[in-house]
Amino acid sequence: MKKSSIIPIGSTLGMIAGGQIGGFFTEAALRMGYKISVWDPDINAPAKRLATNSFTGDFKNKDLESKFEKSISAVSIEWENVPSNLIKNLEKNVVVKPGSKSLSLAQDRIKEKTFLMQNKFPITEHLGINSLNEITKVSFGFPWIIKTATLGYDGHGQWYIKNIDDVYNTSSLQSNDTPMVVEKVVEYKCELSVVIAIDDNQNLIAYPPTENIHENGILKMSISPARISNQIKNNAVDLASNVIKSIGDPGVFCVEMFLTKDDDLLINEIAPRPHNSGHHTIDTFTISQYEHQVRILTGLPVKTPVMLSKSVLLNVLGDEFTNLINNGNIVKILKSLDAKLYLYGKTSVRPGRKMGHILFSGSSLKDLIIQAQKCQEIISIK
């Protein structure tokens, strides 16, 4: 990786992939006086609405890579499934944070779990297999979650398996011929995530754990701070911090984990980027995860943020967006609830796609959850 120093205000920073996470990074960078180049195959990618320079084309396009590289002083990512060779090439000439080391772990679940085991971090019982022909090697009981080793996100490339018949009767699983991870389903109290920001000198800050509720493998609601004891909160922060320190790359990361029925913490996944469950930091902390992404990329100091308020974040998924913007529902929500609306500007609606989020912030989590539930009733597909 090219050695970094403080990148002057006014320089151009790069963002590879231009969804909502790239968009929030772009907003933070522009506010801090930087210009932005966004590269995404989609000409209408949300982050391009704000970009100083836009690059449209496949990430394997060498001519585009050269032009993009010449336009920037440093670059970060919003998505772990960008080609690793692209990141390795950019590292030769510009500052890249996080780098190819953490990206390669996040791109391969088998490699990620092997790394966690080797470093003695707690994870779920699992087995990596090269194909379904090796399914008989699984020695632990049902139910299972089978995940593709690569290119899985937001519930894609995942199958819930209750018994061996499910393996052979699920056509989409049978047609998959890539390596997979078979995980034993864990009985848990809740799912947690901890966002970590770490600089080149291993100076690290952690945001308080967020409690997450998923639907069909897709994040639906995030509650901050998580409704857990101070001891579990401290344990989660310590665990996440130690995981990220052991990787050794600078950047903003998110460590997802399960809190089991026995109050044990098990790591689920590591994201080498800001996380959907950290969107609330834009409004409810003095420094957001996106500002920290800019700070770390440019060599500016990390600093422990102060929580300004509690929050509940409700994701708007797929056709809920269509329901939200029709029938006067936006007016109804903004008039009757203390809601802050974020719509990402995506031009196509797909089932389960994150189209926006609605944030509720205040002093009482109980009241905020009630408001989020009322909002969900309004936007739900009947």
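Points worth noting:
- Residues that are in a strand (DSSP E or B) and surrounded by fewer than 23 Cβ atoms within 10 Å (Cβ to Cβ) within the range 1-36 comprise Thr12, Lys35, listed in sequence order.
- A residue that is more than 19 Å from Gly362 (Cβ to Cβ), within 18 Å of the chain's Cα centre (by Cα) and acidic (Asp, Glu) occurs somewhere in the range 270-293.
- Pair list, Cβ under 6 Å, 6 or more apart: the range 38-57 residue assigned to a loop (DSSP other than H, G, I, E, B), other residue of a type in the set (S, T, N, Q) and surrounded by 15 or more Cβ atoms within 10 Å (Cβ to Cβ): Ile43/Thr56; Leu50/Thr26
- Selected residue (criterion: surrounded by the fewest Cβ atoms within 10 Å (Cβ to Cβ)) from residues of the range 356-368 that are among the aliphatic types (A, V, I, L, M) and under 22 Å from the mean Cα position of the chain (by Cα): Leu359
- Selection of the range 58-80 for residues being within 26 Å of Ile270 (Cβ to Cβ) and either free of Cβ contacts under 8 Å to residues at least 24 places away in the same chain or surrounded by fewer than 16 Cβ atoms within 10 Å (Cβ to Cβ) (or both) yields only Lys60.
- Among the candidates Phe140, Phe68, the residue that is touching a Gly at 6+ places or on another chain (Cβ under 7 Å) and not assigned by TED's automatic domain parsing to the domain that holds Leu317 is uniquely Phe68.
- Checking each residue in the range 180-234 for being in contact with a Lys or Arg (Cβ under 7 Å, 6 or more places away or on another chain), polar (S, T, N, Q) and farther than 24 Å from Ser246 by Cα picks out only Ser224.
- Verdict on Ile77 being at pLDDT 90 or above, under 17 Å from the mean Cα position of the chain (by Cα) and not assigned by TED's automatic domain parsing to the domain that holds Gln158: yes
Here is a yes/no grid of residues against (1) under 22 Å from Phe285 (Cα atoms); (2) outside the structural domain of Ala74 (by TED's automatic domain parsing):
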{"position": "Ile7", "(1), (2)": "no, yes"}
{"position": "Ala17", "(1), (2)": "no, no"}
{"position": "Gln20", "(1), (2)": "yes, no"}
{"position": "Phe24", "(1), (2)": "yes, no"}
{"position": "Ala29", "(1), (2)": "yes, no"}
{"position": "Met32", "(1), (2)": "yes, no"}
{"position": "Trp39", "(1), (2)": "no, no"}
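- Some residue of the range 361-376 being within 14 Å of Asn323 (Cα to Cα) and either in contact with a strand residue (DSSP E or B) (Cβ under 7 Å, 6 or more places away or on another chain) or not assigned by TED's automatic domain parsing to the domain that holds Gly318 (or both): yes
- Test: residue in the range 280-303 that is among the acidic types (Asp, Glu), modelled with pLDDT of 95 or more and either at positive phi or not assigned by TED's automatic domain parsing to the domain that holds Lys233 (or both): no
- Residue among Leu192, Leu173 that alone is within 30 Å of His279 (Cα to Cα), of a type outside the set (Lys, Arg) and either in contact with a Ser or Thr (Cβ under 9 Å, 6 or more places away or on another chain) or touching a residue at least 24 places away in the same chain (Cβ under 8 Å) (or both): Leu192
- Flag not set for Lys113, criterion: more than 30 Å from His126 (Cα to Cα), modelled with pLDDT of 95 or more, assigned to a helix (DSSP H, G or I) and of a type in the set (D, E, K, R).
- So Ala197, is it in a loop (DSSP other than H, G, I, E, B) and not hydroxyl-bearing (Ser, Thr, Tyr): no
- Among the conditions (1) at pLDDT 95 or above; (2) charged (D, E, K, R); (3) over 30 Å from His292 (Cβ atoms), Lys189 misses just one, which is (3).
The values are calculated or read from the model by the stated rules, or taken from the named source; none is laboratory data. Remember, predicted model here, so these are calculated numbers, not experimental data. Glycine also receives a Cβ, built like all others from the backbone with ideal geometry; neighbour counts cover every protein chain displayed.
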